[in-house]
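One structure below.
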Amino acid sequence: MKIHYYPGCTLKQKTTALDISTREAMKRLDIELVEPEGWSCCGAEYPLTEEKIAGLAAPIRVLRQVRDEGGDVLVTTCSFCFAVLKRADKAIKDDPLKHKRINAYLRDDIQINPLTKERTTGFEDYNGEVKVLHLLEFLRDRVGYLKIRERLKRDLKGLAVAPYYGCRVLRPQKEMAVDEPDSPRLFEEFLQAVGCAAVDYPFKQECCGSYLSVSLPAAATEASYRVLRSARMNGAKAVAVTCPLCFYNMDHRQDAIKETFLDFTGLPVVFFTQLLAWALGVEKSMLGLGEHRVPADSLFSEAPATEVRT
Amino acid sequence: MRVKLKAGRDQRKFIERIEELSGENVFACYQCGRCSAGCPMASEMDLLPNQIIRLVQMGLAEDVLRSKTLFLCASCFTCESRCPKGIDMARVMEAVRHILDPKGKDAFGPGEISPELAQEVPQQVLVAIFRKFSK
C-alpha cells in the first residue's frame, strides 16, 4: 500500500524519533510512505476567527498537492498538524466563502521544480478531495489491528502504558470527530493491539500546557505533572504520546517537574510509533531513543517486561 | 422584581464584533461554569472563562480586554467539548485577542524567548505561540 505522509516541521528537525519510528514501523507493515512534493509548515494553529483565514492557505496547499499527485488520503502523526490539516479541509468543504477566497489566492501559486527549474501555476481548486487521517486512525481503519497482530515479532508482555491523547486529536469534537472526547478508545485499542496493557486514568485527554511551555513554563510544568502523576498512580510504567509538544512538555520538562513537585519520581514518555515499531521487530537503534531526556531504554529490552524499572 | 439590562451603543458594538469574529452565540451561555471547571489553566487566571463570557454578554469590553486570561488559554478545547450549549469558548477568546489594540505590545513576542530555549523546543511551539500571542 502506498500512502501520502505529512511529517511536519518538528519531525524533520527536533523530534526525529517520531518520524523514523513511523517509517520503520510502516516498512514492516508493507506500507510505502510518500511525502507530498514541496510541502510546507501547516501553520501549527488553526485560525479561530472568521477574519484570519490566511492561515488556511498553507494546509490547503499541502492537501491540493496530495490530490494533484493522485492521493486521496494524507496520514500524519503530529497532533498539531493533524488538527490544522483536518480542520482546514473541513472549512473548505463547509464554508463556500472560505473555499472561494482560499482557492482564489492559491490559484496563482507558483511552484518551481528544484531540478528542471520549470515553473507551474494556474492550479485547480481544492474541494476537499483528500481525507486527513491520524496514523492511529489509519492503523485502525485502513490497516486493521488484525494485520498488526499477525506481524508482531516481539511480545510486549502486557507492558502497562498510559495512552495520552492531549488536546488536538479529540477536540473540538464537532470537527475532529475521531472518538468520544471524554471517553475515547482509539489509543487504548492500539496499545492492546501491539501487546501492551492500556492504563485507564482520568488525565488522558487533559492539556499538557501546550504552547504556554515557552510563555509560562511553570503552568506547563504543573499541567504535565498532573498528567504524569495520574498515570503513575494508576500503575503506568510509561506514557505514550502522539505529539512532539506533549513529548517535550512531559519528557524534557521532567527535571523541572521533579524540582517543583517532590513526590514525583519520574516516568518514561514514548511515542506510540516507538512501541509499534518495537513490537513489529524494528531494531532498538532505529527508535530514536537518544532524544529522550528520561531514559526509556529499559522499556525496549529483550528481557521480560516485568523487569522494567521506572 | 425583574431587572432589565440594556446594552448601550458601544456595548452592542463590542458584542456584535465578538460574535462576528468568533461565529459563536455568546448569549447561549447560561453560566453553568463547566468551561471553568474543566479548564487546565483556571488556577492562573484572573477571570475564569465563564466570567469572560458573562462580561462579553454585558458588553464590558474594557474588563475583558485587560484580563490576563486571554494569554493563558492554551486552546485545548476542553471547554468546547463540555459546553452544554455548544459554545466554542476558545473561539471567543481568540476573537477578544483579535480586537486588542493592533498597535499595542505583543503579549509574547520573539524577543521574549532566550536563544537557548528557542533552540531546544520543538518548532511547532514557536509557530503556535507567535500565531496566538503576537501580532
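What follows is calculated from the coordinates using simple rules that are stated; it is not laboratory data. Just so it is clear, the model here is predicted, and its values are computed rather than measured. No Cβ is skipped: glycine too gets one built from the backbone with ideal geometry, and neighbour counts run over all protein chains shown.
Side notes on the structure shown:
- Bins of 10 Å, starting at 0 and running to the largest distance - Cα pair percent for region B:1-56: 20, 44, 31, 6
- When all alpha carbon pairs of region A:183-310 are counted in 5 Å bins from zero, the resulting P(r) reads 2, 11, 21, 25, 21, 13, 7, 1, 0 %.
- Look at where the Cα atoms of region A:1-63 and of region B:64-84 average out, and the two centres are 27 Å apart.
- Ranked A:S213, B:S67, criterion: other C-beta atoms within 10 Å, fewest first: B:S67, A:S213
- The long axis of helix B:9-22 is offset from the longest Cα principal axis of chain B by roughly 50 degrees.
- Based on every Cα atom in the protein assembly as shown, Rg and the maximum pairwise Cα distance Dmax equal 22.3, 79 Å.
- Efficiency of FRET between A:D68 and B:K103 - r from beta-carbon atoms, R0 30 angstrom, step 0.05: 0.15
- Of the GluC sites (Glu not before Pro) found in region A:1-57, the ones in coil according to DSSP and having at most 10 other Cβ atoms within 10 Å of their Cβ are A:E51.
- When the trypsin sites (Lys or Arg not before Pro) in region A:140-172 are filtered for DSSP coil states and for at most 11 other beta-carbon atoms within 10 Å of their beta-carbon, the remaining sites are A:K153.
- Computed [θ] at 222 nm, helices only, for chain A once each DSSP H run of length n ≥ 4 contributes -39500 (n - 2.57): -11000 deg cm²/dmol
- Charged-residue dipole, Cβ positions (Lys, Arg, Asp, Glu), region A:2-132 about Cα centre, Debye nearest 20: 220 debye
- As a calculated quantity, the FRET efficiency between A:T260 and B:D63 at R0 = 25 Å, using C-beta atoms, amounts to about 0.20.
- Between 0 and 90°, nearest 10: helix B:89-98 axis offset from chain B longest Cα axis: 70 degrees
- Each Lys and Arg Cβ is given +1 and each Asp and Glu Cβ -1; about its Cα centre, chain A then shows a dipole of about 180 debye.
- Spatial offset of region A:204-268 relative to region B:89-107 amounts to 28 Å, using the alpha carbon center of each.
- When only alpha carbons are used to place a centre, region A:110-174 and region B:1-50 end up 37 Å from one another.
- Low-density loop positions, GluC sites (Glu not before Pro), region A:99-160 - DSSP coil, at most 13 other Cβ in 10 Å: A:E118, A:E124
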